[in-house]
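The values are calculated or read from the model by the stated rules, or taken from the named source; none is laboratory data. Source: prediction; values computed, not measured. Neighbour counts are summed over all protein chains in view; Cβ atoms, including those assigned to glycine, are modelled from backbone coordinates with ideal geometry.
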Amino acid sequence: MSSDAGNAPKPVGPYSPIVQAGDWLVCSGQLGLSGGQLVEGLAAQVTQALANAETLLTSQGASLTDVVKTTVFLTDMADFGPMNEAYAAAFGDHRPARSAFAVAGLPLGAVVEIEVWAFTNSGRSGL
């Protein structure tokens, strides 16, 4: 794992923002942070969280197209529909497997957090 994670926000706790395990890259949950501050609104936080994940992936030679699984944490399941719209816009035609959960709260008052798993084996097929 490269220590250069580009312009991704620094972790808000004692953990690694991205870890490589064999052909896998695992990004810790990303918040919609830009310049050390949460961006305003659910859609903007989804977009920024995925941009932050992409920055981490790029630092390791991967991209959102390598993502095979995401986990989305929402503070309000009423945000599920709007989250889907921003999420689909960020991923385009690529559709990784996904789970979504409601949680009581997220760090820094965020309304969404997104974890991503990327598979980087260039010889893969069927994904």
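Quick notes
- Residue check for Val72: of a type in the set (A, V, I, L, M), touching a Lys or Arg at 6+ places or on another chain (Cβ under 8 Å) and modelled with pLDDT of 95 or more: yes
- Subset of segment 30-68 (residues that are assigned to a strand (DSSP E or B) and in contact with a helix residue (DSSP H, G or I) (Cβ under 8 Å, 6 or more places away or on another chain)): Gln30, Leu33, Ser34, Leu38, Val67
- The conditions of being at pLDDT below 95, under 14 Å from the mean Cα position of the chain (by Cα) and buried (at least 18 other Cβ atoms within 10 Å of the Cβ) are met by Ala5.
- Reported count of residues in segment 69-121, each being touching a residue at least 12 places away in the same chain (Cβ under 8 Å), part of a helix (DSSP H, G or I) and either aliphatic (A, V, I, L, M) or on the phi > 0 side of the Ramachandran plot (or both), is 7.
- Single unsatisfied condition, Asp93 versus (1) out of contact with any helix residue (DSSP H, G or I) (no Cβ under 9 Å at 6 or more places or on another chain); (2) within 21 Å of Trp24 (Cβ to Cβ): (2)
- Conditions (1) loosely packed, with under 15 Cβ neighbours inside 10 Å; (2) in contact with a strand residue (DSSP E or B) (Cβ under 6 Å, 6 or more places away or on another chain): number failed by Gly32: (1)
- Scan of segment 71-89 for residues that are surrounded by fewer than 19 Cβ atoms within 10 Å (Cβ to Cβ) and not hydrophobic (A, V, I, L, M, F, W, C), ordered by number: Thr71, Thr75, Asp76, Gly81, Pro82, Asn84, Glu85
- Flag for Ala51 being modelled with pLDDT under 95 and under 13 Å from the mean Cα position of the chain (by Cα): no
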